[in-house]
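Worksheet: one structure, shown below.
The values are calculated or read from the model by the stated rules, or taken from the named source; none is laboratory data. These figures come from a predicted structure and were not determined experimentally. Please note: Cβ atoms are built from the backbone with ideal geometry, for glycine as well, and neighbour counts cover all protein chains shown. In case anyone asks, the SASA skips ligands and DNA or RNA and just uses the protein heavy atoms, side chains included. Shrake-Rupley method; radii C 1.70, N 1.55, O 1.52, S 1.80 Å.
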Amino acid sequence: MIETTRGLCFLLSLSGVMAQKTKGTCRQCPQDASCVNATHCSCHHGYISESRQQYFTYPLEICEDIDECKPRISIYCGVNAKCQNTKGSFYCRCNAGYKLLSGKAQFNNSSENTCQKITPSETTNSTKELQQVVENIESLLTNKTVWGMEEGRNITATFTSILQKIESVVLETALKTPDQKLQKVQNRTVAVETRVVTDNCSKAVIFNLNAQMNSMDIHCSDVIQGNTQGPSVVAFVSYSSLGNIINATFFEEANETDQVYLNSQVVSAAIGPKRNTPLSQAVSLSFQHVKVKPSIKKVFCVYWKGTKEGGHWSMEGCFLIQANKTHSICSCTHLSSFAVLMAFHREEEDPALTVITYVGLSFSLLCLLLAALTFLLCKAIQNTSTSLHLQLSLCLFLAHLLFLTAVDRTEIKVLCAIIAGVLHYFYLASFVWMLLEGLHLFLTARNLMVVNHSSINRFMKKLMFPVGYGVPAVIVAISAASRPHLYGTPDYCWLHLDQKFIWAFLGPICAIICVNFVFFLLVLWILKRKLSSLNSEVSTIKNIKMLTLKATAQLFILGCSWFLGFLQIGPAAHVMAYLFTIINSLQGFFIFLVYCLLSQQVRKWFGEIIKSKSEPETHTLSSRFGPDSKPSEDK
C-alpha cells in the first residue's frame, strides 16, 4: 500500500513536470499563433506561417496575415461590392451608389452579398445639397480676384481659413442626412466623398474613401471617437487646382540642394461632429502622381500646418510607406490637408551637346549679324524679299542671343518668366517671318509667267509687318494672360510642360511647317510647268534654278531642324538630339550662305568693297615715290 502511494505520488509529480513543459512550449509560440496538442504551434485564423506549414515547432516562425482579397483566394463579395483586407480578417463593402439589403455598412458572409442600387429618391435631396456645396467650393477656388490680391503670408492665411470652412461645411451637410450613409460628388476641380456612421463598430472595420485618383483608409473607431449620442461622419476632399496656389515654395523643411515640387493633388480629411481629436491609429493615404518621372530622388509626405497668421507644409506626423513612379502611400497620425512633395534627380547635361550648342550658336550669331548688315547696306539686292530676310535674321539673332545669355537665369522667378516670354515671342516671330518668306516665294513663282511683281510687292509690304510682329504678340499675350505661372521652369527660362502649355509654341510652328511644305510643293509644281514651256532664254533658266535652290533651302531652314526636335523619343533620341542641336545652331550660317554668299550681286558688292579699300593704298604709294621712282633697296 505504501509502495502504491509512492508510485501514485511519482506519477502526480511527473504529470506536473509535463504540464510545466507544456506551458513552456506554449510560451514559445510566435505572435498570432497558439499551442496545439501541447507540442506544436499553429497560426490563428486569418494568418499563415512563413514556411506554409499548418503545425510547426520552430520558435522563430512568423505568422503572416492572409490577404483574402487577392484574386487567387476565393472570396466573393458580389457584383457591386469590393473586398477590403484587415489584419487577420477581411470584410466586403458595397460600391458607391449601392447598399446592403440589411442596411449594414459592410459584411463578410457570402450569403449577404446582395448590394442593391440606391434609388434616386433616396439620394436626390442630400446629393443636390452636397453638389451645391462643391460648386460653391469650385467657384471660390477658381476666383482669381480672391487669390490675385494676396501675396506671401496673406495667401497662406486665406488658404488656411478657406480649408477649415470647406471641411466644416462638408461635414455639416453630410450630418443633415444621416440615412444617406455614403455620398460622392465630383466636378471639374473638386471631388468629395462622405460616409456617415450611425452605429458602433469594431477597430477591425476600416473605411476606404476615394476622391478623384486619391484614397484614404481610416478605422471606424476613429470616426466614432466614442460618440454614442448621434451619427458621426468622415469626409475626404480632393482638389485639382490648389497646387497652383499653394505649391512647394511653402515647404520650409527642404534643404537648399533639393529642388522640391508638388507632385500630387491636395486632399483634405476631416471627421465630425468632434473635430481635432487625436487618432488611435494612423490613416493611410494613397496619392496618384501628377507627373510620372522615373528619376525620383526624395518623396515627402506633408500636411498643411496652418495658423491665423499663415501656414506652411510640414512633415510632422506623416511618413512615407512606399512610392513608385505613379503612386505614393503615406501614413499620418492626424487629420488635415495633405499632399506629396518630390525632389527629382536633375538630368545631367551632355557636355558635348553643350559645347556644340554654344559654339554653333555663337557662329550662327556672327553669320546672322553679317547677313543683316548685308541686307541693309547692299543696295543692289534691296527689295521685298530682302526685307523679309532681314526681319527673319533680326528675330533669330535676338532669340539666339537671349538663349545663350539668359536661358538658365532661374534665380529670380519674375525675371525668368519675362525671359521665357521674350524667347517665346522671338522664336514665334522667326517662324512667322519664315511663313511670309514661303508665301512670297509662292507668289513670285506663280507670277513668273506674267512677270507681275508690282502687285506682289505692294501686297507684301502692307501685310508683312502687322503679321510678322503682330501674330506672335497676340499668341504670347493670350498664353501669358491664361497661364502666367507656366512661363519659366526650375531649370530653364522656357515654357513649362505642365497642362500641355508647350503647345502654345509647338502648335503654331507645326502649322507653319505644314503650310510652308504646301508652298514648297506648289512652287515645285509651278516650276515644272514653266520648265516644260521654256524657250532658250538663259536669264529665265537662271532665275528658275535660283528659285528652286531657294525653295529647297527654305524648306530645310524652316522645318527640318525642328522636325528632328519632335523625334527626340525612343532609342534614337540621343542621335536626334545631336542632329537637332547641330542643324538648329547653324541656321544663321545657312541664311548667310543661301541669301548672301550664293548671290552673284552680293559677291560683286563684296568685290567692290575690297577693291575700294585697296585703291587708297595704291594711290598713297604712287604719291610718295612719284610715277617714275622706285623704292630704294637696302644693301
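Quick one: residue 317 ticks every box in (1) surrounded by 13 or more Cβ atoms within 10 Å (Cβ to Cβ); (2) at negative phi; (3) out of contact with any helix residue (DSSP H, G or I) (no Cβ under 6 Å at 6 or more places or on another chain) bar one, so which box is it?
(2)
Conditions tested, residue by residue: (1) open to solvent by 50 Å² or more (accessible area, probe 1.4 Å); (2) modelled with pLDDT of 75 or more; (3) touching a strand residue (DSSP E or B) at 6+ places or on another chain (Cβ under 7 Å).
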site	(1), (2), (3)
588	no, yes, no
591	no, yes, no
595	no, yes, no
598	yes, yes, no
606	yes, yes, no
619	yes, no, no
622	yes, no, no
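Considering each of 116, 84, 132 in turn, give the residue that is modelled with pLDDT of 70 or more, buried (at least 16 other Cβ atoms within 10 Å of the Cβ) and over 30 Å from residue 310 (Cβ atoms). Full working, then the answer.
Numbers: 116 fails: buried (at least 16 other Cβ atoms within 10 Å of the Cβ); 132 fails: buried (at least 16 other Cβ atoms within 10 Å of the Cβ).
Exactly one residue qualifies, and that residue is 84.
Quick check: anything in segment 438-448 surrounded by 13 or more Cβ atoms within 10 Å (Cβ to Cβ), closer than 30 Å to residue 404 by Cα and at pLDDT 80 or above?
Keep residues of segment 438-448 that are surrounded by 13 or more Cβ atoms within 10 Å (Cβ to Cβ), which gives 438-448.
After this cut, where a residue has to be closer than 30 Å to residue 404 by Cα as well, the list is 438.
Cutting the leftovers down to at pLDDT 80 or above gives us 438.
Scanning segment 438-448, I find at least one residue that is surrounded by 13 or more Cβ atoms within 10 Å (Cβ to Cβ), closer than 30 Å to residue 404 by Cα and at pLDDT 80 or above, so the answer is yes.
Residue by residue through segment 272-312, note down the ones that are out of contact with any helix residue (DSSP H, G or I) (no Cβ under 7 Å at 6 or more places or on another chain), part of a strand (DSSP E or B) and not hydrophobic (A, V, I, L, M, F, W, C).
Hits for segment 272-312 are 284, 286, 288, 297, 298, 303, 305.
Would you check which residues across segment 481-497 are outside any loop (DSSP other than H, G, I, E, B) and of a type outside the set (Phe, Trp, Tyr) and list them? Before you say what the answer is, go through the steps one by one.
Residues of segment 481-497 outside any loop (DSSP other than H, G, I, E, B): 481-482, 484-487, 495.
Across segment 481-497, the qualifying residues are 481, 482, 484, 485, 486, 495.
Given the options 206, 218, 224, name the one that is β-branched (Val, Ile, Thr), in contact with a Leu (Cβ under 8 Å, 6 or more places away or on another chain) and at pLDDT 80 or above.
Values: 206 fails: in contact with a Leu (Cβ under 8 Å, 6 or more places away or on another chain); 224 fails: in contact with a Leu (Cβ under 8 Å, 6 or more places away or on another chain).
Exactly one residue qualifies, and that residue is 218.
Rundown of residues vs (1) open to solvent by 80 Å² or more (accessible area, probe 1.4 Å); (2) in contact with a helix residue (DSSP H, G or I) (Cβ under 6 Å, 6 or more places away or on another chain); (3) part of a loop (DSSP other than H, G, I, E, B), yes/no style:
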| site | (1), (2), (3) |
| --- | --- |
| 359 | yes, no, no |
| 364 | no, yes, no |
| 375 | no, yes, no |
| 391 | no, yes, no |
| 400 | no, yes, no |
| 405 | no, no, no |
| 410 | no, yes, yes |
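From 324, 263, 276, which residue is more than 30 Å from residue 596 (Cα to Cα) and open to solvent by less than 10 Å² (accessible area, probe 1.4 Å)? Walk me through it before giving the result.
Details: 324 fails: open to solvent by less than 10 Å² (accessible area, probe 1.4 Å); 276 fails: open to solvent by less than 10 Å² (accessible area, probe 1.4 Å).
On inspection, the qualifying residue turns out to be 263.
Take the residues of segment 147-170 that are more than 19 Å from residue 194 (Cβ to Cβ), open to solvent by 40 Å² or more (accessible area, probe 1.4 Å) and not charged (D, E, K, R): which is modelled with the lowest pLDDT?
152
Taking residue 94 as meeting all but one of (1) within 21 Å of residue 192 (Cβ to Cβ); (2) modelled with pLDDT under 75, write down the number of the exception.
So the condition that residue 94 fails would be (2).
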